[in-house]
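Read through the structure below, which is laid out as structure tokens, and then see the notes.
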Amino acid sequence: MKSKELRDNFLGFFRQRGHRIVSSSSLIPEDESVLFTTAGMQQFKPYYLGKESPLGRNVASCQKCFRTSDIDEVGDKRHLTFFEMLGNFSFGGYFKEKAIALAFEYLTSFLHFPVSELRVTVFEGDEKTPRDEQSAEVWKKFGFSEEKGNLKFCSREDNFWGPTGKEGPCGPTTEIYYRDIEIWNLVFNEYYRDKNGLFTPLEQKGVDTGMGLERLTMAVQKKSNVFETDLFYPIIRQLKKSGFETAGRGERIIADHIKGAVFLISEGVFPSNVGRGYVLRRLLRRAIRYANILKLPEMSLISAAKETIGIYKDVYPTLLSRNADILTVIQEEREKFEKTLKRGLKELELKIEEAQKQGVKRISGKTAFDLFQSYGFPLEITEEIAKERGFSVEKEGFEREFKRHQEISRRGAERKFGGIGREAGIEERKLHTATHLLQAALRKVLGDKVRQMGSDINSERLRFDFSFPRKMTQEEIKKVEMLVNQKIKEDIEVKREVMSYEKAVNSGALAFFKEKYPQEVSVYTIGDFSKEICAGPHVRRTSELGHFKIVKEESSGAGVRRIKAILTK
Ligand code: SER
């Protein structure tokens, strides 16, 4: 069975049994206390706590998930950063007995897994919450018992789940193993754990189950690792053009990390040095390093990204509409990192030699941070290389330095993607307004496909990156200049309004492809010529700008052009 059919098969089974099928929510969760969506239940969290579910009591989904917790283990047979989680959920509908019966029926009657190949575990209880006798009883009815050796009671570490974030619903779990691989986790949300770690029984009991689609596909397709399934193989095949028989650790890491990156970028995450952007940067840079180690051809990562989009495009169509953005971001990050990777490696070699001479087997946190600052080495890369030499890295020192610089980077990133900052001088203000006129003019002359990909302003010039597949002709450049100058002459008012993000987008305001907008955004309108969501600041009237001139039009990565322009009196 193909993974696509398996996804449908699972959802079909639960639909037939009275569940409403709910689409995957975004990888960027509403719940601010977590960086990414890590489980199917996250979008339903309020319904476990008694809020009435508009979706009904029983639902099922296939949820995009991203976890950083296993990043070091990626490269083995089954650990991944991005994965899809199949799950059925109940908020006060059914509980342990039915949840276990449904799982057992699906695996044995639908997928025809032999019962003799299944094993289950149940929570053994401790001083905080009691042993889960109820689940064990249900399993016994299906022929599982401690005596037979296919049922085992385990501790909190293995058989208790949640909450996600600092507080929330949680409870004992029962896990199902197929041929000794954990495939399905059934969570019984019976408690609320508060910030202080106290457990209170929930009035309404809930079910939350999660089964990794990749592992299930591996079992159904009878493969020995997830990278051989159709959810990965097309990517691995690209990377293996050099002729290896099976995927090695490096290829697996690249395949996982590029897939993760593709999905994060598709949700508007950009590489940066903070938060989600930093996670994306780590994925991409580690993939780039492995591509170098394996001496893969230059376009390999782009090909791997294209294969990823190919695998998922029918299930997640946003991947197709964001296709150009995804490839551009990967390409740009590669170009950026390639510039410093070699020099960074040399520097690290020197530091290792120095330490060796002094008889120390440790790289200081400060050195690791300098490597990050000057050569863009995420901590994992330094650690990985150090480890290959039998060295460790002083992680705490790195984290300390990192935190100190984080605030500065955050401000920098905001400025880059959000606006130009409140402290902008009058020249920057003018150039900022000119950038809006330029984007509108480009769209008039070259078409609506033109989208902002980046922008940078200093007191002398503006720089504007936009998606467009070819060099502009001289004539097009002239037309754009003329149009901007005409709008300047018309002395149009630059109007600012504050409204909800949704309203802004619905009213046709252009939104720069950005991770997260605040609920309330400013919209700047210049007559009927330009309308953009933007943090500002801008001039009051276009006539303040003077004369607009494009000084350069060049390529800036695959499918992206860059314009530099100035204003003269
Ligand atoms: N929330 C549980 C998990 O993530 C089951 O869905 O494993």
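The values are calculated or read from the model by the stated rules, or taken from the named source; none is laboratory data. These figures come from a predicted structure and were not determined experimentally. Cβ sites come from the backbone with ideal geometry, for glycine too, and all protein chains shown count toward neighbours. Calculation scope for accessible area: heavy atoms of the full protein, side chains included, ligands and nucleic acids excluded. Shrake-Rupley method; radii C 1.70, N 1.55, O 1.52, S 1.80 Å.
Quick notes on this one:
- Test for ASN159: is it surrounded by 16 or more Cβ atoms within 10 Å (Cβ to Cβ) and either over 34 Å from the mean Cα position of the chain (by Cα) or at positive phi (or both): no
- Residue under evaluation ILE488, criteria (1) open to solvent by less than 20 Å² (accessible area, probe 1.4 Å); (2) out of contact with any helix residue (DSSP H, G or I) (no Cβ under 9 Å at 6 or more places or on another chain); (3) not charged (D, E, K, R), criterion not met: (2)
- Selection of region 26-39 for residues being open to solvent by 30 Å² or more (accessible area, probe 1.4 Å) and of a type outside the set (A, V, I, L, M) yields SER26, GLU30, ASP31, GLU32, SER33, THR38.
- Counting residues in region 130-138 that are of a type in the set (D, E, K, R), under 23 Å from ILE181 (Cα atoms) and either in contact (Cβ under 8 Å) with a residue 24 or more places away in the chain or within 16 Å of the ligand (Cβ to nearest atom) (or both) gives one or more.
- From the list PHE263, PHE337, the one residue that fits, being more than 17 Å from the chain's Cα centre (by Cα) and aromatic (Phe, Trp, Tyr), is PHE337.
- Matching strands (runs of 3 or more DSSP E) fully within region 1-101 where at least 3 residues are more than 25 Å from TYR192 (Cβ to Cβ) and within 14 Å of the ligand (Cβ to nearest atom): 58-66, 82-91
Conditions tested, residue by residue: (1) in contact with a Gly (Cβ under 7 Å, 6 or more places away or on another chain); (2) in contact (Cβ under 8 Å) with a residue 60 or more places away in the chain.
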{"residue": "GLU251", "(1), (2)": "no, no"}
{"residue": "VAL262", "(1), (2)": "no, yes"}
{"residue": "SER266", "(1), (2)": "no, yes"}
{"residue": "PHE270", "(1), (2)": "yes, yes"}
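- The residue of region 445-476 that is modelled with the lowest pLDDT, among those that are among the hydroxyl-bearing types (Ser, Thr, Tyr) and assigned to a loop (DSSP other than H, G, I, E, B), is SER459.
- Residue selection: VAL539 satisfies the criterion of being assigned to a loop (DSSP other than H, G, I, E, B) and touching a helix residue (DSSP H, G or I) at 6+ places or on another chain (Cβ under 7 Å).
- Number of the condition not met by SER224 [criteria: (1) small (Gly, Ala, Ser); (2) farther than 30 Å from LYS2 by Cα; (3) surrounded by fewer than 20 Cβ atoms within 10 Å (Cβ to Cβ); (4) at pLDDT below 95]: (2)
- Reported count of residues in region 40-69, each being surrounded by fewer than 21 Cβ atoms within 10 Å (Cβ to Cβ), small (Gly, Ala, Ser) and on the phi < 0 side of the Ramachandran plot, is 2.
- Pairing residues of region 155-179 that are under 25 Å from TYR106 (Cβ atoms) and away from the ligand (no atom under 11 Å from the Cβ) with residues that are among the acidic types (Asp, Glu) and open to solvent by 30 Å² or more (accessible area, probe 1.4 Å), at Cβ distances under 6 Å and at least 6 apart in sequence or on separate chains, gives TYR178/GLU117; ARG179/GLU117.
- Among the residues of region 477-506, those identified as under 28 Å from the mean Cα position of the chain (by Cα) and outside any helix (DSSP H, G or I) are MET499, SER500.
- With respect to (1) hydrophobic (A, V, I, L, M, F, W, C); (2) more than 27 Å from the chain's Cα centre (by Cα); (3) open to solvent by 10 Å² or more (accessible area, probe 1.4 Å), the lone exception for ILE176 is condition (3).
- Flag if LYS241 is away from the ligand (no atom under 16 Å from the Cβ), assigned to a helix (DSSP H, G or I), surrounded by fewer than 22 Cβ atoms within 10 Å (Cβ to Cβ) and modelled with pLDDT under 95: yes
- Cβ-Cβ under 7 Å pairs, at least 6 apart or on other chains, region 485-496 side touching a residue at least 60 places away in the same chain (Cβ under 8 Å), far side of a type in the set (A, V, I, L, M): ILE488/LEU545; VAL494/ILE526; VAL494/VAL539
- Among the numbered conditions (1) touching a helix residue (DSSP H, G or I) at 6+ places or on another chain (Cβ under 7 Å); (2) open to solvent by less than 80 Å² (accessible area, probe 1.4 Å), the only one that SER507 does not meet is (1).
- Single residue of GLU182, GLU214 found to be more than 9 Å from the ligand (Cβ to nearest atom) and open to solvent by less than 10 Å² (accessible area, probe 1.4 Å): GLU214
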